[in-house]
Structure formats: C-alpha cells, structure tokens
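Since every read-out is calculated from the coordinates, none of them should be taken as a lab result. It should be emphasised that the depicted structure is a prediction, and the values quoted were computed from it without experimental measurement. Ideal geometry is used to build each Cβ from the backbone, glycine not excepted, and the neighbour counts take in all protein chains shown.
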Amino acid sequence: MIMTALNFACNSPLFCSSVAGSSQKSGVFKITCSALVSPDIAASARPWKVSDARLVLEDGSIWRAKSFGASGTQIGEVVFNTSMTGYQEILTDPSYAGQFVLMTNPHIGNTGVNFDDEESSQCFLAGLVIRSLSICTSNWRCTESLEDYLAKRNIMGIYDVDTRAITRRLRQDGSLIGVLSTEESKTDEELLEMSRTWDIVGVDLITDVSCKTPYEWVEKTASDWEFAEGKKHAQNYHVVAYDFGIKHNILRRLASYGCKITVVPSTWPAFETLKMNPDGILFSNGPGDPSAVPYAVETVKELIGKVPVFGICMGHQLLGQALGGKTFKMKFGHHGGNHPVRNHRNGQVEISSQNHNYAVDPMSLPTGVEVTHTNLNDGSCAGLAFPARNCMSLQYHPEASPGPHDSDPIFSEFVEMMKRNKSGV
Ligand SMILES: NC(=O)CC[C@H](N)C(=O)O
C-alpha cells in the first residue's frame with residue numbers, strides 16, 4: 001500500500017544501516033528503539049554466519065553467499081530491481097514466477113513484512129538475492145521478519161552478495177539463468193550444467209499462478225489509503241478481470257474507481273465472459289513469455305470490439321498480439337519504481353513502476369493502433385490504444401504499490417470508456 005512518513009523513514013538505507021551499525025557496536029539501539037524491534041530479532045548470530053550458498057550463473061560465474069529463508073536448490077532467471085522500497089510487494093507479485101529478483105537497494109528486510117502489503121497470497125518467485133539483510137526489523141506495521149516469512153513460504157534468499165557486480169553483468173550481457181544452491185553435495189559443474197539446460201522463453205507460466213475458479217473481489221481500499229478523491233465505492237461498473245497473475249492493488253484501484261469486479265481464470269472462455277454482461281474487461285499482469293500463451297491471445301481477440309478493454313503489462317502484451325503486433329524479449333527488461341514514461345496524449349512525463357522482460361514491437365502494430373506512451377529510458381513502447389475498438393493498455397503498473405502514483409488517472413480513463421460505451425456515445 002501507500003508509504004507513510006514513518007514507513008519511508010524506516011525504509012531509508014541510510015537511516016537503517018546506521019541503526020543496524022549502532023546495535024552491533026553498542027547498546028544505543030536497544031535503548032532508543034526497543035519498542036520497535038520485533039521479538040524475533042532473528043539471527044543475532046547472523047553477522048558472523050559463514051557462506052553456505054552458491055549462485056551459479058549460466059555465464060560460468062559463481063557467487064558465494066549466505067542463505068536465509070529456505071534451503072535446497074532452485075533454478076530461475078536473474079533480474080535486477082531498482083526499487084528503493086516495496087520488497088514485500090515484489091515477493092508476492094506473481095509476475096516474478098520463475099525469476100530470482102536481485103534488489104539493487106543494498107539494505108533489505110528492515111521493515112519486516114505485514115500481511116496487508118501482499119500483492120497475492122503466495123510468493124511465486126524463484127528466490128531473492130540481496131546485498132545486506134537487515135539485522136533487525138523496525139516498523140510499526142511489521143508482523144514478521146523477512147527471514148521467517150521466506151522460510152515459511154519455502155523461498156530461498158541469499159545475502160552478502162556483490163549485487164552491484166551482478167547487476168553490471170546483467171546490464172552488459174542481458175538476463176541470465178542462475179542456479180541457487182545450499183547443497184554442498186552438488187558440484188559447481190552440475191549447477192552450471194543445470195543453468196545451461198533450462199530456459200524460461202516459450203514457457204506458459206500463467207497457468208500455475210492464475211485462480212482456478214471465478215470469484216468476486218470484495219476488499220475495499222481502507223479510507224486511510226484512499227487517494228482517488230471523492231470516490232464512494234458506488235460499484236457502477238461491472239468489470240471481468242482475467243487473472244494471469246493479478247496483483248491485488250489492481251483490483252483495489254478498480255474498486256476505488258467504482259467497479260464491481262469478477263476475477264476469472266486465464267483459460268475462462270470469452271463466451272462465458274460475455275454471458276456475464278460486463279461493462280469492461282481487464283487483462284492483468286502475469287509472468288513469462290507472452291508469445292507462449294496463444295490461447296490467451298485468442299481470448300483477447302474474441303473480446304475486443306465487444307466490450308471496452310484495459311490491459312496491464314502481460315495484458316498489454318496480449319492485447320498487442322491480438323491487434324496483430326509482435327512481442328520480443330528485451331535485453332534485461334525493466335524492473336523498478338522510477339521509470340520515466342511520456343504520455344503522448346497530454347505531453348506529461350509520468351514516473352512509473354515497471355516489471356517486464358518482454359515488450360510490444362511498435363513497428364509491428366497495424367494502422368489505427370496508437371502508441372500512447374513511451375519509456376524515456378530506452379524508447380520502448382509503454383502504452384497502446386485502439387480507440388475504434390475501445391481498447392487501451394499500459395506496459396507498466398498504474399496501480400503501483402508502493403507508488404509512484406502518477407499513472408493512477410488511467411483507471412478513471414477506463415471508467416470513462418465504459419461510461420461512454422454504456423451510454424452509447
Ligand atoms: N508484470 C508483468 O505482467 C510481466 C509481463 C511479462 N511476463 C514480462 O516479463 O514482460
């Protein structure tokens with residue numbers, strides 16, 4: 001959810017590394033902050049833990065590390081995320097299925113975790129790679145340490161890794177497959193072989209993260225967190241949301257703008273959706289290669305032109321394909337909370353939250369389809385619209401939680417599109 005001043009203060013690496021430092025050297029921290037420290041100051045022995053894990057990348061590099069959370073051996077694609085805050089939302093974003101997320105912010109774990117900030121009820125990512133694991137948690141909303149949270153969800157984490165060096169390598173060579181292991185019995189060569197025989201391209205990852213049966217979204221945004229002024233949760237519009245790995249905050253933002261939402265599985269037939277008589281359809285974010293899920297593209301094709309459509313991230317990529325365009329894999333993708341995007345409709349630059357490895361090739365789009373947004377870091381396509389058929393989509397996350405919230409008004413544009421369509425204008 002939205003950051004508070006205290007949350008922000010505690011998420012500041014400067015603030016917390018000095019706090020952690022003083023706790024090690026003297027009793028100062030205990031005296032000033034004892035009320036904020038969770039009882040499970042997890043591993044007080046942690047600073048002296050010896051390396052017990054290896055991350056072996058497909059380029060042959062081996063990174064010695066210290067483990068936390070689950071142990072074992074796990075394979076995935078390594079991506080780096082430049083967000084300063086929001087590690088818990090990242091951990092529970094289903095779009096990270098099959099990936100190790102490496103946080104470039106060096107100090108992680110300081111605010112612990114709480115159940116309100118989850119973007120889904122599970123962690124689907126392959127594992128977490130960080131530089132420094134906070135020695136303690138200090139946030140009023142914290143209910144559990146990051147370490148215990150990951151252990152309970154059977155997710156591997158490693159720390160004391162040179163995350164800056166790995167990030168530079170990923171930027172130079174592109175995303176790499178990696179194998180993370182705490183098992184000493186496995187040789188470096190075996191782990192390297194595993195990394196070189198596994199691939200994430202062409203794999204359908206949405207089936208495993210999607211819901212299995214339709215359900216109504218009932219959670220409202222608590223007034224403390226609401227920032228869509230004057231919205232009364234009137235439920236004026238019925239939206240069917242395709243769950244390709246949907247993040248809860250997309251549903252919360254839609255609800256804030258007056259939508260009643262029915263969430264349906266990724267394989268839900270288009271004719272069943274039309275029987276529900278929706279005012280609009282949302283195609284959600286989701287993990288993996290958008291060209292590996294042709295059945296979902298077919299569903300989008302069958303629905304566009306019949307009901308107003310809004311796509312987010314994977315939903316945008318599926319819409320791009322359904323309109324006749326092509327998607328491609330980017331070198332290392334976009335993962336972070338500070339991507340500048342130009343909104344060509346109003347000329348404004350929005351700071352946005354992004355998480356994707358694939359993109360729509362704008363040159364492949366047919367006449368009539370507009371590129372409405374462009375990522376200013378690399379010029380890639382960040383948004384589409386096909387006004388003649390009431391479709392629009394964004395490659396990034398207008399629901400960003402934690403912020404930025406510059407792109408939130410797109411939800412009201414979707415509502416306006418449904419309103420116009422309903423009144424036959
Ligand atoms: N967040 C998302 O929906 C990710 C989209 C897609 N899986 C990609 O990596 O490009």
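For the reader, a short list of remarks on this structure follows.
- When only alpha carbons are used to place a centre, the stretch 366-394 and the stretch 257-308 end up 19 Å from one another.
- Cα convex hull of the stretch 129-227, projected area averaged across orientations, nm²: 11.5
- Subtracting the Cα-Cα distance of residue 236 and residue 115 from 0.36 nm times their residue separation leaves 40.7 nm of extension gain.
- Here the chain carries DSSP beta bridges of which approximately 60% are antiparallel, counting only pairs with both residues inside.
- 20 °C / 1.002 mPa s Stokes-Einstein diffusion coefficient of the stretch 180-338, Kirkwood radius on C-alpha pairs, µm²/s: 122
- Remark: the stretch 143-187 is approximated by an ellipsoid whose semi-axes, taken from the C-alpha gyration tensor as √(5λ), come to 25, 16, 10 Å, largest first.
- Here the Gaussian network model covers the chain, with springs between Cα atoms less than 10 Å apart; of 224, 52, 148, 224 fluctuates the most.
- Going from the residue with the fewest nearby Cβ atoms within 10 Å to the one with the most, 374, 213 rank 213, 374.
- Farthest positive-ward along the chain dipole, Cα basis, beta-carbon charges - from 108, 351, 130: 351
- Order of 406, 173 under a 10 Å beta carbon neighbour criterion, fewest first: 173, 406
- Translational diffusion of the stretch 297-425 was estimated from the Stokes-Einstein equation, with Rh taken as the Kirkwood radius over Cα pairs; at 20 °C and 1.002 mPa s the coefficient is 146 µm²/s.
- R0 of 41 Å, Cβ-Cβ distance residue 186-residue 329: FRET efficiency to nearest 0.05: 0.90
- Ranked by how many other beta carbons lie within 10 Å on average, peptides 281-292, 388-399 from highest: 281-292, 388-399
- Fraction of beta bridges assigned by DSSP in the stretch 281-425 that are antiparallel (%, nearest 5): 75
- Relative exposure of 262, 299, judged by other C-beta atoms within 10 Å (fewest first): 262, 299
- The radius of gyration of the Cα set in the chain, together with its Dmax, comes out at 21.8, 70 angstrom.
- The alpha carbon convex hull volume per residue for the stretch 173-274 rounds to 193 Å³.
- Against the chain, whose longest principal axis comes from its Cα atoms, helix 163-173 is set at around 50 degrees.
- Quarter the surface of the alpha carbon convex hull of the stretch 72-209 and you get the mean projected area, 8.7 square nanometres.
- Projecting label points 7 angstrom from Cα along Cα→Cβ for residue 425 and residue 225 puts them 3.2 nm apart.
- Cβ-derived FRET efficiency at R0 22 Å, residue 306 paired with residue 364, nearest 0.05: 0.40
- Each label point was placed 7 Å from the Cα along the Cα-to-Cβ direction; for residue 141 and residue 153 their separation is 1.5 nm.
- Simple label model, 7 Å out from Cα along Cβ direction - residue 277 to residue 70, nm: 4.5
- Calculated [θ] (222 nm, deg cm²/dmol) that DSSP helices of n ≥ 4 give over the chain, each run adding -39,500 (n - 2.57): -7000 deg cm²/dmol
- Quarter of Cα convex hull surface for the stretch 91-162, i.e. mean projection, nm²: 4.6
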